[in-house]
Amino acid sequence: MPSLNEQELITALAAWVGKLKDPYSKARSAPIPPVTLQSSSPNAWLEIKQVHKNRLEVTCIHRVIEQDDDNNLEEIRRECAQFNSLMERVRLPVYIWEDRDKSEFQLRWQETMLTQADLKYVQRFFEQSLYLANALQSRLGWALSDQAQPVSH
């Protein structure tokens, strides 16, 4: 199962907290540059960026299916729209994003960390989003059985 490198995650989060709490920094109002952490799978990664002075946005991204000439894009888009509607109803911060530049559909789990105590949950968010991505891949594989198979994690 793909996972994040725990040491890289700790280092990235510690750097963010360190810059946020540094009393000697003159550029405290300057945003901290975004960080991308690759998991052990090329189909899953984590993006961290500062969205407010002391808030951190964590986005877990999983490539679910790649666009192919054989794929029925309208059917895939319809399935993804249904999924997004369901996630909105159950109030999970998850959605399917069609990245047309990369010709793929991605599951994105996006959380905003309000306090430093919330940072311990980043690994859990990644794991939960991975389970959801795998379930969605199974659903798309079943619904689009005559199409090309989705990428695997």
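Throughout, read-outs are computed from the coordinates displayed, never taken from laboratory work. Predicted, not measured: the structure shown is a model, and the values here were computed from it. Positions of Cβ are generated from backbone atoms using ideal geometry, with glycine treated the same way; all protein chains shown enter the neighbour counts.
Quick notes on this one:
- Under 15 Å, Cβ to Cβ, from Leu4 - net charge with Lys/Arg +1 and Asp/Glu -1: -3
- Straightening the chain between Glu66 and Glu98 buys 10.6 nm, computed as 0.36 nm per residue apart minus the Cα-Cα spacing.
- Placing dummy labels 7 Å off each Cα toward the beta-carbon, the span from Arg91 to Leu114 is 1.2 nm.
- Electrostatic bookkeeping for Gln106 treats Lys and Arg as +1 and Asp and Glu as -1; over the other residues with beta carbon under 15 Å from its beta carbon, the sum is -2.
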